[in-house]
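Below you'll find the structure, written out as structure tokens, and then a few comments.
Please treat every number below as a calculation from the coordinates, not as lab data. What you see is a predicted model, and the numbers here were worked out from it, not measured in a lab. Neighbour counts run over all protein chains shown; Cβ positions are idealised from the backbone, glycine included.
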Amino acid sequence: MNVQFRPEPSASVSVKTAIADCDIHPARATKDELYPFMAKRWHAHLETYGIQAYHGMMEGPPYPKAQPNASRRDAWPPEGGPQGSSLSFMQKQLLDPYNVALGVLNPLASGQGLRNQDFAGALCVAINDWQIEKWTSKDTRLKASIVVPTEDGAAAAAEIRRRAGDKNFVQVLLLSRNVEPLGQRRYWPIYEAAQEIGLPVGVHAFGFGGNPLTPSGWPSFYIEEMVGHAQCQQTVLASLVLEGVFERYPKLKMVMIEAGFGWAPSLGWRLDKNFERLHSEVPHLKRKPSEYIRDHVWWTTQPMEDPERREHLFQVIEWIGWDKLLFATDYPHWDFDEPSRVLPAGVSDANREAFYLGNAKKLYGIS
Amino acid sequence: MVRHVIAPVEELPPGTRKFLTIDERPIAIFNIKGEFFGLLNRCPHQGAALCEGPLIGLAQSSDPGEIEYTKLGEIIRCPWHGWEFDIRTGQSYCDPRRFRARAYPVNVEPGSAVVKGPYVAETLAVSVESDYVVVDL
Ligand code: FES
């Protein structure tokens, strides 16, 4: 009833210089879109039993979302289907007007974190094949992330190795909420395989691991989930550092996706301070925790930190390094960052270029 | 201030909105229960097409547990980050002092007045029988 005459979809501002968008969420137009990539046995399984995540007998995420599919309301494709499910509309609304030279796809409803490990594995393989078929082979600006059945380290590693050398893929994708913190040994085969094939591992906010979002239980509101992602990602990062993942896999590169970066310095300071006193507990660490973080971790920008005073933003970035930030919009989700509006004035041309494009091209090996 | 004729009143019944571009500015005109309002169709936050959002009410609370829901159908919620604006005034509710959406006065005028005036008709043949929606920019 609300919208009577819909204007042509368009970006509000067109962006002249090329950018990378390191967090784009492709969606399936229909439930059976994955069937060509899955054995018949799994079609029947899906139809009979559905999808069971660790968080209980329900489908979908455990918190409500502010907008349908947590997406921009202007992002429904004209031909139907959910937001993010149409390549031509994505080109028209995102890739062309914002001059996206590199777009990294991060499928979220992916089979990661399902209780049935065989089914999780089959879904992940299907999604990886589908990303090539529907997206990366049709638009060379787009690159895919390898989704893996996270809780089954061996199967996840096998899927990563299966994609070795395939230029359609530029990273391995995990989610932040899993059965255990991501530094634990059950996940090490993933890091070993990723290091071996030379791809960074992205950790995107969200997940289906069954634990409450916060250490003090399940909060009431979606807004608590939105800020809780940062706390969750801190746990992930502390675990990766303290379990010795970076010591064990010295070439591993991690990307923290969609959980902010303003908290990075304080986590680093806190870890370092405790490490001075408690290093005998974690003698496998050879360096200060903050050094692992600064050497091994990249950060996507959306949701871009927005302090009252821009100097504070620049101070945080100085701690992290201007070479470690990767611009992202989070299209088609509702908290989309508009590229021309997120970075305040006062940034040198070299840092600006690195922020919007250079860092991503380097990390993801795009010439 | 220049006045622009938007449409005959019958073309914009209650509950509908119309998008148009006037002097290169994207504008949306709303008919809310017979009253007409105009807004710049660009969100002051990050520039989304603001008027594509849903019309909602305003949830306010004097004390935790007490919720008042008023202005039903008079608040537009941006399709991107959900900032809320009063379509009567353009006032924002997230940060009223720093952000406001540009609101334009909209009136209904009889056709006879419209054809006589120095008005610019938008893509429609003006006839004198009906009333017209007119916006001041
Ligand atoms: S662009 Fe409208 S709320 Fe952000």
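Among the lysines, which have Cα under 16 Å from the Cα of B:LYS71 when same-chain residues fewer than 8 positions away are ignored?
Partners found: B:LYS33.
Rounded, prolate or oblate: which fits the range A:238-343, taking a ≥ b ≥ c as square roots of the Cα gyration tensor eigenvalues, rounded meaning a/c under 1.5, else prolate when a/b beats b/c?
Taking the square roots of the gyration eigenvalues as a ≥ b ≥ c, the range A:238-343 is prolate.
Just grab the label-to-label distance for A:SER239 and B:VAL2, each label 7 Å out from Cα along the Cβ direction, in nm (one decimal).
That separation, rounded to one decimal, is 6.2 nm.
Using a Cα-Cα cut-off of under 20 Å, which lysines could be cross-linked to A:LYS143, ignoring same-chain neighbours fewer than 8 residues away?
A:LYS92, A:LYS134, A:LYS167, A:LYS253, A:LYS324, A:LYS361, A:LYS362
Take the Cβ-Cβ distance between A:LYS40 and B:GLU109 as r, set R0 to 51 Å, and report the resulting FRET efficiency rounded to the nearest 0.05.
Result of the calculation: an efficiency of 0.15.
Which whole-angstrom value gives the distance between the alpha carbon centres of the range A:86-136 and the range A:175-193?
Computed from Cα coordinates, the inter-centre distance equals 21 Å.
Any idea what the relative contact order of the range A:89-145 is, in percent, if you count C-alpha pairs under 8 Å spaced at least 6 apart?
Reported relative contact order: 41 percent.
If the chain between A:ASN274 and A:ALA345 were fully stretched, how many nm would it gain, using 0.36 nm times the residue separation less the Cα-Cα distance?
21.9 nm
Sort out the exposed loop GluC sites (Glu not before Pro) in chain A (DSSP loop, at most 11 other Cβ within 10 Å) and tell me the longest stretch that has none.
Within chain A, the longest run free of exposed GluC sites (Glu not before Pro) spans A:80-280.
Cross-link candidates for A:LYS286: which lysines have Cα within less than 17 Å, leaving aside residues fewer than 8 places away along the same chain?
Within the straight-line cut-off, A:LYS286 pairs with A:LYS251, A:LYS273.
Would you list the membrane-span-like helices of chain A, meaning whole DSSP H runs whose alpha-carbon atoms span at least 24 Å along their axis and whose mean Kyte-Doolittle value is at least 0.5?
Those that pass (Cα extent of 24 Å or more, hydropathy at least 0.5) are A:222-242.
Can you sort A:TYR222, B:TYR132 by how many other beta carbons sit within 10 Å, fewest first?
Neighbour counts put them in this order, fewest first: A:TYR222, B:TYR132.
Restricting attention to the alpha-carbon atoms of the range A:106-231, what are Rg (one decimal) and Dmax (integer), both in Å?
14.9, 45
Averaging sequence separations of C-alpha pairs under 8 Å and six or more residues apart, then dividing by the length of chain A, give the relative contact order as a whole percent.
Relative contact order for chain A comes out at 19 percent.
Expressed as a rounded percentage, what relative contact order does chain B have, with Cα pairs under 8 Å and six or more residues apart?
29
How large is the Kirkwood hydrodynamic radius of the protein assembly as shown, in angstrom, based on all distinct alpha carbon pairs?
About 24.8 Å, per the Kirkwood formula over Cα pairs.
Output ³J(HN,Hα) for the range A:350-365: one whole-Hz value per residue in order, computed from phi by the Karplus curve 6.51 cos²θ - 1.76 cosθ + 1.60 with θ = phi - 60°, and x for Gly and Pro.
Each residue of the range A:350-365 in turn: 5, 5, 4, 5, 5, 4, 7, 8, x, 4, 5, 4, 5, 4, 8, x Hz.
Given charges of +1 on the Cβ of Lys and Arg and -1 on the Cβ of Asp and Glu, with all other atoms neutral, how large is the dipole of the range B:1-114 about its Cα centre, in debye to the nearest 20?
In debye, rounded to 20, the range B:1-114 gives about 340.
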